[in-house]
Amino acid sequence: MKTKFIALFLCVAATSANLVNAEGPEKGMNPTEKNRHEIRLSASDGLTLGVANIFGMGLTDAVTGSKRSDEKSSLVYGLGYRYSIYRFKVGADVGFAKSTSKLALIGETSPSLKEKDLNFMLLPTVEFTYFKRGIVELYGGAAAGVNLVNHTEKSLNKTVQHTTKKIDISTSFAYQVNPIALRVGNDRIGGFLEAGLGYKGFLTLGVSMKF
């Protein structure tokens with residue numbers, strides 16, 4: 001599913017190029033324009049977050065001698081808010097992602113624990129619109145905040161009557177930088193695609209609603 005983001009990016013980029021050539025003079029940069037509020041629903045590939053989790057676990061495994069298998073990570077699902085101030089937008093994004101794996105401790109031939117990480121991200125965000133013509137808007141943004149991780153370990157030994165369960169909660173610095181972003185739509189609803197690097201991943205696709 002994550003590979004579809006690349007195809008979607010190419011399609012939207014090609015469409016926007018045609019729209020930019022077809023539109024007239026630049027519009028929509030009036031500081032008194034309506035619909036300053038914006039709600040966004042999005043999904044990001046989450047590749048960097050998954051790699052970071054796996055890399056961190058790999059370092060721990062190298063020290064303890066344990067082994068992991070069946071490592072899986074979800075997309076990063078997000079909900080965001082923006083308030084427009086001329087060319088600038090300020091707001092915040094809330095993100096959610098899940099990753100799971102199985103752990104075999106040193107000396108074990110098969111996994112005895114199932115691990116699950118729930119990531120909750122809060123990212124205050126600033127964006128700058130550097131081009132807007134008709135229904136096409138190009139912008140860039142940066143965000144910095146916190147990532148809250150709920151780590152759970154559960155025993156896979158079904159012969160034990162009461163399976164053991166361990167829960168840890170930790171926080172870490174989180175960020176996202178998207179130098180290239182595209183929104184296609186009117187002053188009410190549209191779709192957007194963002195490309196960058198950070199805890200969300202490389203590509204973010206979503207729906208934007210202004211009011």
The range 85-211: radius of gyration over Cα atoms, expressed as a fraction of 2.2 N^0.38 Å
1.48
If the cut-off is 24 Å between C-alpha atoms, which lysines fall inside it for Lys34, apart from same-chain ones fewer than 8 positions away?
Lys89, Lys132, Lys210
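Relative contact order of the range 79-179: what whole-number percent is it, with Cα pairs under 8 angstrom and at least 6 residues apart? Present the calculation step by step, with values, prior to reporting the outcome.
Values: 228 pairs, mean separation 23.7, N = 101.
The value is 23 percent.
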Give me the one-decimal nm value for the distance between modelled label points at Leu138 and Met209, 7 Å along each residue's Cα-to-Cβ direction.
3.0
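A short reminder: the numbers here are calculations on the coordinates, not readings from a lab. Just so we're clear, the structure is a prediction, and the values are computed from it rather than from any experiment. Positions of Cβ are generated from backbone atoms using ideal geometry, with glycine treated the same way; all protein chains shown enter the neighbour counts.
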